[in-house]
Amino acid sequence: MKGLILAAGFGTRLKPYSSMLPKPMFRLSGLPSIHYTIENLVQAGCTEVFINTHHLSDHITAYVDTLSPGIPLTCVFEPEILGTGGAIANLRDGLSGGPFWVVNADIFTTISFRDLLQFHEQGDWLATLAVHDYPEFNKITMDPDGSIRSFLDNPTSNERQTRRWAFTGIQVLSEEILEYFDQEAPFSSIDVYTDLLSRNLVKGMDIGNNRYWADIGTPERFSTTSMAVNASAIFDHSPPRDLDIDRLKGDGSDRKWYRITHKNQGLVVSDHGIRVSDHLDEYRAFVSIGNHLSDKQIPVPRIHGNDDFSGQVYLEDLGDRHFQDHIQDLDHEGDVFKWYRKACDTLVFFSQEGVKGFNPQWAFQTPSYDRALIIEKECLYFFNAYLKGCLSLGLDTEEFIEEFEYLAQQALEHQVKGLMHRDFQSRNIMVHQDRLFLIDFQSARLGPLQYDLASLLIDPYVDLNASMEQRLLTYVIDRYLDGFGSMDAHQFITCYHHCCVTRNLQILGAFAFLSQVKGKAFFKPFIPKALKKLKFNISRLEPACVPRLTQIINGL
């Protein structure tokens, strides 16, 4: 019993990723998808496997050459793509000798190939197609005995009322069918099957709902399949079909978030997107920094697993309650102060404990919060995204460079050096079982503790009043200043006030960019609050040192 894996396609639906790697080499749980197909065939009793190739064929051939499944594996290169029918015709001599399997390369399944063979051997029809109910792909109509009646690419309104099934891309063919594969390539195997329908020579075997099947031919479907396969392993190898995967609402980043549940277990997935090349990026920073923080007992969601190719990180599920929501539900100022003290304590612990053993090479943007970052990613970001992009103000940024330099110098002078989160605000703090946990830590780098404190206390999502901000600033100084080395309160506060301004510039730049360019309307209502904060924060600096900036901000 032989098998053919159809692996020659361009993977057009998977572009741009498939321009660098053929789709059979897209990895699920660390292994190329073609590995699982070969494994299924071997387990079903296949004695030889042919693999047709064309697009980026060297990748497939090189991998297949590393395998030792105990049966021959032969890659057959097609100089021109022959189509599914042409591929079978091209291997007529190799596939003869009895029934044989033909399987698409862009699927992942737990379907029993042996069951399909046993069904096929019950009759004298020439082709058995594994089918199931999959609304997105349902095109096949069948008689009660399983005889396929039609392949409906464009069903009429009446045909839409007829029950239909989807072809899984898995089939068993009798040797006798090869004489019908006599067309000039390229052509589709479906064309051959269609010609045989009137003679009841093509059957469908409904695999039901107790087996998992997934098409991995698009980035979205591949990512969903990757989640199911990896989460299945984390959930003690629960069947992928039993998992519920729900999309969660994200905030400012381009990452996608999901919740996967199975019985009483749950995971949250941070999906950074497919990673064909293994370069240092946000995904790698997320994993490296997240594991480091966990090792330091800093309260972050535990990483249960990660997948380098899909760019997915599988996290402890901390629920849906942000610190922002928790604070806004409190009625008494005393309770607000109590919870913010917890947040300040967590912040200091993150900074001073997290810096121990931190490798700056983990950071995917810059290893530290420095002058260049402040000027480019905060000051100029504010000017370009907010003043110019949002307000359409015609300003020459060169006139403000000297003041930007001053801000950068002051934000870095007298800093309490530590690990800086860089987005330590109420929507990046989760409340779970009366404890605070930090999320979105992938941008962490070396930098001033005062910057994170500014991020927390001037956060427009909560909009603390000036009195509460001062109480919390005093709390941090009274409790922790002695442990920060040779620094007095005035120096700490001076650095803090300048960090408030640089952080505030970053906030307005981000809110403008996300709402105007990215179309994320969630951020737009917070722009007035952030602007009000900026006017207050700039007022705490010496006007003579930032005269142009003070003037332009106060005039907004």
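The values are calculated or read from the model by the stated rules, or taken from the named source; none is laboratory data. Bear in mind that the values here come from a model prediction, so they are computed numbers and not experimental data. All Cβ positions, glycine included, derive from the backbone under ideal geometry; neighbour counts span all protein chains shown.
I'd like to check something: does the stretch 14-26 contain any residue that is assigned to a strand (DSSP E or B), closer than 30 Å to Gly305 by Cα, assigned by TED's automatic domain parsing to the domain that holds Thr109 and in contact (Cβ under 8 Å) with a residue 60 or more places away in the chain? Looking through the stretch 14-26, none of the residues is assigned to a strand (DSSP E or B), closer than 30 Å to Gly305 by Cα, assigned by TED's automatic domain parsing to the domain that holds Thr109 and in contact (Cβ under 8 Å) with a residue 60 or more places away in the chain.
For the stretch 296-311, the count of residues that are more than 19 Å from Ile260 (Cα to Cα) and either among the β-branched types (Val, Ile, Thr) or free of Cβ contacts under 8 Å to residues at least 24 places away in the same chain (or both) is at least one.
Of the helices (runs of 4 or more DSSP H) lying entirely inside the stretch 30-111, the ones with 3 or more residues being within 30 Å of Ser232 (Cα to Cα) and among the β-branched types (Val, Ile, Thr) are found at 33-43, 57-64. Return the only residue of Leu505, Leu472 being in the same structural domain as Glu413 (by TED's automatic domain parsing), in contact (Cβ under 8 Å) with a residue 60 or more places away in the chain, under 23 Å from Gln415 (Cβ atoms) and buried (at least 23 other Cβ atoms within 10 Å of the Cβ). Of the residues listed, the single one that is in the same structural domain as Glu413 (by TED's automatic domain parsing), in contact (Cβ under 8 Å) with a residue 60 or more places away in the chain, under 23 Å from Gln415 (Cβ atoms) and buried (at least 23 other Cβ atoms within 10 Å of the Cβ) is Leu505. When the stretch 172-197 is filtered for residues that are touching a residue at least 60 places away in the same chain (Cβ under 8 Å) and among the acidic types (Asp, Glu), the ones remaining, listed by number, are Glu175, Asp182, Asp191. Listed by position, the helices (runs of 4 or more DSSP H) contained in the stretch 440-556 that have at least 1 residues being out of contact with any strand residue (DSSP E or B) (no Cβ under 7 Å at 6 or more places or on another chain) and either within 23 Å of His421 (Cβ to Cβ) or small (Gly, Ala, Ser) (or both) are 449-457, 466-480, 489-516, 527-539.
For Asp423, are the conditions met, namely being under 29 Å from Asn291 (Cβ atoms) and not small (Gly, Ala, Ser)?
Here the answer is yes, as Asp423 does meet what is asked.
In this structure, does Phe404 turn out to be hydrophobic (A, V, I, L, M, F, W, C), at pLDDT 95 or above and assigned to a loop (DSSP other than H, G, I, E, B)? No; evaluated as a whole, the condition is false for this residue. Taking the stretch 347-396 as the range and being out of contact with any Lys or Arg (no Cβ under 9 Å at 6 or more places or on another chain) and of a type in the set (Val, Ile, Thr) as the test, the residues that pass are Ile374, Ile375. Taken together, Asp325, Asp331 contain a single residue that is in a helix (DSSP H, G or I), at negative phi and either at pLDDT 95 or above or exposed (fewer than 15 other Cβ atoms within 10 Å of the Cβ) (or both), which is Asp325.
Restricted to the stretch 66-97, and to residues there that are among the small types (Gly, Ala, Ser) and surrounded by fewer than 19 Cβ atoms within 10 Å (Cβ to Cβ), the residue that is farthest from the chain's Cα centre (by Cα) is Gly97. Only one entry of Gln365, Gln415, Gln409 meets the criterion of being within 30 Å of Glu316 (Cβ to Cβ) and either touching a strand residue (DSSP E or B) at 6+ places or on another chain (Cβ under 9 Å) or assigned by TED's automatic domain parsing to the domain that holds Val462 (or both), and that entry is Gln365.
One line per residue, one yes/no per condition, for (1) at pLDDT below 95; (2) touching a helix residue (DSSP H, G or I) at 6+ places or on another chain (Cβ under 9 Å):
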{"site": "Thr110", "(1), (2)": "yes, yes"}
{"site": "Leu117", "(1), (2)": "no, no"}
{"site": "Gly123", "(1), (2)": "yes, no"}
{"site": "Ala130", "(1), (2)": "no, yes"}
{"site": "Asp133", "(1), (2)": "yes, no"}
{"site": "Met142", "(1), (2)": "yes, no"}
{"site": "Ser150", "(1), (2)": "yes, yes"}
{"site": "Asn154", "(1), (2)": "yes, no"}
{"site": "Glu159", "(1), (2)": "yes, no"}
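For the structure I just gave you, tell me whether Glu378 is under 28 Å from Ser486 (Cα atoms), of a type in the set (Asp, Glu) and modelled with pLDDT of 95 or more. First the steps, then the outcome.
On the way: under 28 Å from Ser486 (Cα atoms): no; of a type in the set (Asp, Glu): yes; modelled with pLDDT of 95 or more: yes.
When the stated conditions are applied, Glu378 does not pass them.
When Leu21 is tested against (1) aliphatic (A, V, I, L, M); (2) surrounded by fewer than 22 Cβ atoms within 10 Å (Cβ to Cβ); (3) farther than 30 Å from Ser232 by Cα, only condition (3) is not met.
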